[in-house]
Each structure stands twice: as C-alpha cells, then as structure tokens.
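Visitor: Here it is: the structure, laid out below.
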Amino acid sequence: MMNRRRFMGALVGGSALLASGAGLAQSFTAGLHYRQLIPRVNPGLPEGRVQVVEVFWYGCPHCYTFQPLVTEWSQALPDHVEFTHLPATFNDLWALHARVYYAAVELGVLDQIHQPFFDAIHAQGRNMRSESAILRFVDQRGVDADAFRETMRSPEVNAAIGDAGLLVQAFQVEGVPSMVVDGRAMVSAGMTGSHEGMLRVVDHLVEQSA
C-alpha cells in the first residue's frame, strides 16, 4: 500500500553537499527569492529532519534541463535532509505522467523509469501522451508492462494522484520546476533567476530549517 507518507518519502538521493559557502553567505529575502508558505505544510517528519521536494512534470523542458543539476545536488545532501520528487497534476496529461512516477515508485523501479522517461520525451522526441505509448516504453525498459498498467490504475496510485494535487495547491506552486523546503518555503527559477540560483536558495533555507 502506498500511503501519503510513503510517496512523499520516495527518496531519490542519499546524503549531499550543500552549494558553495559563498552561496550560503548571500542574503535571500522572503517574497523576493522565495515564497513563505503560511500556513506551513507539515511534512510529518521527526524533529530535526528537513524535507526538500522538487515539483516537476516529465514533459517540461525546464524540468529536464534541471534534472542533472538537482540529481547531482541531491546525491550529497546531509543525512538529516530527505529529498523527494512530487509530480504536478495541472491537467490530464500531467496527471497521466504522474501515474508513471507513482507506478514506478510502487513497483520499486523508479531508477529504471525516471530519467529514461525524461530522455524518451526530450532527447528522443517520443510521444508519451497515451497509456499505450507509455507501456511500450516501460516494456522496452525491461519492466512488466501488464503489471505497470495495473499499478497505474490502482487505488494506491489514484490516492497518490489526489494527494499530489492537494500538496501542489498547498505548496502554492504555479509552475515547474519548483522546490519546497520543509513545508515552509517555495522556490522557483522565476524568483531566483536560474536553476543554479534555486539550489542556492534551497541550501540557504535548509540551513535555516536545521
């Protein structure tokens, strides 16, 4: 069973390196470099742990170019930081792609699906707008397509899709990629000027939340 805590805690990276000390020394301002979330969206983690969430869509070219940066960044996060992805569900196509993510999490094959699905859309130009196209891709990745289809349609994934929509709304996300730190602040490239800037602000907020 996939409950809210589990899908929010589907970790993609291990312990990690914060950005440069120079980045941390910068001054970042609520309302300018990030949006403070009031009320806070409690991530439900034990005291002393900090959650960082990346909100994304597989079809977003900006999310695709952000992935190498955020993946490298996430691989050196401190032990007290939990990093996870949250697929946005702003329309039917986005929700379909979110099903790919949650089915992969449920089946334990996220490593086989996540980056390759991005690559299929953006590097290979494949049309991933239907379940049949997605299942052909899944089969080519060596994953049981029948099991994947059933999982995409499962009550657990349906619940995850519903919860994802509620979280994106609570996080006040209007575009992707965005990052949310400890349920307290939302950061976007539009606010920071670049993807690298997003990570510098996130590092700062993680430090403030520790």
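Visitor: Across segment 65-88, what is the number of residues that are of a type outside the set (S, T, N, Q) and more than 12 Å from the chain's Cα centre (by Cα)?
Guide: 10
Visitor: Let me ask something additional. Scan segment 33-57 for residues that are of a type in the set (D, E, K, R) and at pLDDT 95 or above and jot them down.
Guide: Within segment 33-57, the first condition is being of a type in the set (D, E, K, R), and the residues that meet it are 35, 40, 47, 49, 54.
Result: ARG35, ARG40, ARG49, GLU54.
Visitor: Also, quick follow-up: Regarding ALA88, is this residue touching a helix residue (DSSP H, G or I) at 6+ places or on another chain (Cβ under 8 Å), in contact (Cβ under 8 Å) with a residue 24 or more places away in the chain, of a type in the set (Gly, Ala, Ser) and crowded, with 21+ Cβ neighbours inside 10 Å?
Guide: Judged against the criteria, ALA88 is a match.
Visitor: Looking only at segment 133-164, filter to residues that are closer than 17 Å to ASP111 by Cα and among the charged types (D, E, K, R); which one of those is surrounded by the most Cβ atoms within 10 Å (Cβ to Cβ)?
Guide: Per the criteria, the residue is ARG141.
Visitor: Still on this structure, I have one more. If the requirement is being surrounded by fewer than 21 Cβ atoms within 10 Å (Cβ to Cβ), without any contact (Cβ under 8 Å) to a residue 24 or more places away in the chain and out of contact with any helix residue (DSSP H, G or I) (no Cβ under 7 Å at 6 or more places or on another chain), which of these qualifies: ALA123, ALA76?
Guide: Exactly one residue qualifies, and that residue is ALA123.
Visitor: Got at least one residue in segment 177-187 being within 30 Å of VAL41 (Cβ to Cβ), without any contact (Cβ under 8 Å) to a residue 40 or more places away in the chain and touching a His at 6+ places or on another chain (Cβ under 9 Å)?
Guide: No, because not a single residue in segment 177-187 is within 30 Å of VAL41 (Cβ to Cβ), without any contact (Cβ under 8 Å) to a residue 40 or more places away in the chain and touching a His at 6+ places or on another chain (Cβ under 9 Å).
Visitor: Among the candidates HIS85, HIS97, HIS62, HIS114, which residue alone is assigned to a strand (DSSP E or B) and closer than 29 Å to ARG200 by Cβ?
Guide: Checking each option against the conditions leaves just HIS85.
Matching residues to (1) part of a loop (DSSP other than H, G, I, E, B); (2) of a type in the set (A, V, I, L, M, F, W, C); (3) closer than 21 Å to PHE66 by Cα:
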site: ARG136; (1), (2), (3): no, no, no
site: ASP139; (1), (2), (3): no, no, no
site: ALA147; (1), (2), (3): no, yes, no
site: GLU150; (1), (2), (3): no, no, no
site: ILE161; (1), (2), (3): no, yes, no
site: MET191; (1), (2), (3): no, yes, yes
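Visitor: Hey, any hits in segment 58-71 for a residue that's of a type in the set (Gly, Ala, Ser), at pLDDT 95 or above and surrounded by 22 or more Cβ atoms within 10 Å (Cβ to Cβ)?
Guide: Taking every residue of segment 58-71 in turn, none turns out to be of a type in the set (Gly, Ala, Ser), at pLDDT 95 or above and surrounded by 22 or more Cβ atoms within 10 Å (Cβ to Cβ).
The values are calculated or read from the model by the stated rules, or taken from the named source; none is laboratory data. A quick note: this is a predicted structure, and the numbers were derived from the prediction, not measured. Using ideal geometry, Cβ is built from the backbone for each residue, glycine included, and neighbour counts are taken over all protein chains shown.
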